[in-house]
Amino acid sequence: MEFSEILNVYLLPTAIIVAQIFAIIVPLLIAVAYLTYFERKVIASIQLRKGPNVVGPFGLFQPLADGAKLFIKETILPAGANKILFAMAPMLTFILSLIAWAVIPFDVGMVLSDINVGILYLFAISSLGVYGVIMAGWASNSKYAFLGALRSAAQMVSYEVSIGFVIITVLLCVGSLNLSAIVEAQKTIWFAIPLLPMFVIFFVSALAETNRAPFDLPEGESELVAGYFVEYSSMTFALFFLGEYANMILMSGMTAVLFLGGWLPPIDIAPFNWIPGPIWFFLKISLILFCFLWVRATFPRYRYDQLMRLGWKVFLPFSLAWVVITAGVLVAFDIVPTPLSG
């Protein structure tokens, strides 16, 4: 095989895919860094404080200073820890929060991998996140870390059940597992309106799935001394930190795709339809992220029994009942969604 053929068949497509991956990951990492800045600014505004305002103009260089500080700090490995799993756990958590973006569509045809089972891929990736938490708690060889890992795992598994039923409700209305098809199905009306209870349950479950306030039980400082990553320092801690914020952006993207029409404008008339789809998608993600931060600044932390009661005795039966009601309405009014295909 000649070099030109090798270039056209192997090297060029590989280079294009790598460029597409970097086009997603680099803005995502920048967004993760500055989400920490905006969180501190939003909470400071709600609490009538200034927030970061020293490092750079308006404190804009604060995420860079935080990253540099964590990078140059010493990585401490506990003497009794399983060092391989101890190091792998934060890497697994961070990597999972990045590879899920392979199937998220930013606009028509603007998706890294437009697979027909994209929603199943997303659900599988989000379910794997619990392994990083369990590995971190067990490998640390610390009772506090292990107890925090067990609490976090139970919390994540509990709310994944209700998230699954919410996704099933959306799939019943669309008839496709393809994320682009789900967005296209919302051209007439966003699913957040007819499926408003499911939208609320999905958002609250996303808070619990990402261990965010008021469901930040794994990080209970008063009783667990920061939970499953209590033994981590420097960049290993930073990977957990970045993974949590990357998961927040991912869950916000999923919410925008499933309920807020993805890249679609609110009304398909000028001047709304002049704005490019990726900008609408970014604005919707930003709005949902603001709600994440607003909730943290507003609500106190749940007790653990209240957390479990909400997940198993409220969200689970309600979401299951809504699946039955949605299926019944579709059958009763002979509403036939698009066949299960891309």
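Helices meeting the span-like rule in the chain (full DSSP H runs, Cα extent of at least 20 Å along the helix axis, mean Kyte-Doolittle score of 0.0 or higher): 12-46, 83-99, 118-139, 143-174, 234-259, 277-298, 316-332. Straightening the chain between I17 and K50 buys 7.6 nm, computed as 0.36 nm per residue apart minus the Cα-Cα spacing. The distance between label points at K83 and L29 comes to 2.6 nm (points 7 Å beyond Cα on the Cα→Cβ vector). When a/c is below 1.5 the answer is rounded, else prolate if a/b is larger than b/c, else oblate, so apply that to segment 31-97 with a ≥ b ≥ c taken from the square roots of the Cα gyration tensor eigenvalues. Judged from the Cα gyration tensor, segment 31-97 comes out prolate (a/c at least 1.5, a/b above b/c).
Of all lysines in the structure, those lying under 22 Å Cα to Cα from K187, and not within fewer than 8 positions of it along the same chain, are K284.
Simple spin-label estimate for A297 and L172 gives 3.8 nm between the two label positions (7 Å along the Cα-to-Cβ direction from each Cα). Just the protein heavy atoms count here, and of the accessible area of the chain at 1.4 Å, carbon and sulfur take up 74 percent. On a per residue basis, the convex hull of the C-alpha atoms belonging to the chain measures out at 180 Å³. If you take the square roots of the eigenvalues of the alpha-carbon gyration tensor of segment 108-171 and sort them as a ≥ b ≥ c, do you get rounded (a/c under 1.5), prolate (a/b over b/c) or oblate? Taking the square roots of the gyration eigenvalues as a ≥ b ≥ c, segment 108-171 is oblate.
Leaving out ligands and nucleic acids, and using a 1.4 Å probe, what accessible area per residue does the chain come to in Å²?
50
Overall shape: oblate for segment 282-324, with the ratio a/c of the largest to smallest alpha carbon gyration tensor axis at 1.5 or above and b/c at least equal to a/b. For the chain, the residue among F202, V324, V26 whose Cα projects farthest onto the positive side of the dipole built from Cβ charges is F202.
The values are calculated or read from the model by the stated rules, or taken from the named source; none is laboratory data. The shown structure was predicted, so the numbers you read here are calculated from the model rather than taken from an experiment. Neighbour counts run over all protein chains shown; Cβ positions are idealised from the backbone, glycine included. Just the protein is used for accessible areas: all its heavy atoms, side chains included, with ligands, DNA and RNA removed. Shrake-Rupley method; radii C 1.70, N 1.55, O 1.52, S 1.80 Å.
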